[in-house]
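Structure first, then comments.
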Amino acid sequence: QVQVVESGGGSVQAGGSLRLSCAASGSRSSIAIMGWYRQAPGKQRELVATITSGGTINYAYSLKGRFTISRDNAKNTVYLQMNSLKLEDTAVYYCKTIIASNWSEYWGQGTQVTVSS
């Protein structure tokens, strides 16, 4: 059973930075894609960024330039560096992994990010 665990969320003032981490474990095959999504209160879950095992990155257009995704394949870990945080970045941030062998998706439990003025 694949487990996905996020960490690094918290409270920060607007303009500040946070770094999220997500570690996946228990997979017998490689992880094709790791990514971050977020869900603000009353809104649908939305893409933040994804990264493949080969390093191809996709960002939500509105976040490009402030957020940076990176990945350590050896550790099955993905990171999200968030800079110049805004009030509207407040959300629960979820990590998703997609297994290469069968394209199964696994989600973490989410980590809360709260940006205050």
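For the reader, a short list of remarks on this structure follows.
- Residue in region 68-84 that is more than 12 Å from the chain's Cα centre (by Cα) and of a type in the set (Val, Ile, Thr) present: no
- Against the criterion of being open to solvent by 40 Å² or more (accessible area, probe 1.4 Å) and among the β-branched types (Val, Ile, Thr), Ile99 does not qualify.
- Residues located in region 86-117, provided they are out of contact with any helix residue (DSSP H, G or I) (no Cβ under 9 Å at 6 or more places or on another chain), within 19 Å of Phe67 (Cα to Cα) and hydrophobic (A, V, I, L, M, F, W, C): Leu87, Ala91, Val92, Cys95
- Residue that is surrounded by 14 or more Cβ atoms within 10 Å (Cβ to Cβ) and among the small types (Gly, Ala, Ser), where the choices are Ser70, Ser117, Ser29: Ser70
- In region 44-64, the qualifying residues are those that are in contact (Cβ under 8 Å) with a residue 24 or more places away in the chain and closer than 15 Å to Glu88 by Cα, and the one that is least open to solvent (accessible area, probe 1.4 Å) is Val48.
- Close Cβ contacts (under 7 Å, 6 or more residues apart or on different chains) running from residues in region 94-117 that are closer than 18 Å to Ser29 by Cβ and of a type in the set (S, T, N, Q) to residues that are assigned to a loop (DSSP other than H, G, I, E, B) and open to solvent by less than 50 Å² (accessible area, probe 1.4 Å) comprise Thr97/Val2; Ser101/Ser29.
- Criterion: among the small types (Gly, Ala, Ser) and at pLDDT 95 or above - qualifying residue of Ser21, Ser30, Ser62, Ser25: Ser21
The values are calculated or read from the model by the stated rules, or taken from the named source; none is laboratory data. Everything quoted here is computed from the prediction, not taken from an experiment. Cβ atoms come from the backbone with ideal geometry, glycine included; neighbour counts cover every protein chain shown. Ligands, DNA and RNA are stripped out before the accessible areas are found, and what is left, the full protein with its side chains, is counted by its heavy atoms. Shrake-Rupley method; radii C 1.70, N 1.55, O 1.52, S 1.80 Å.
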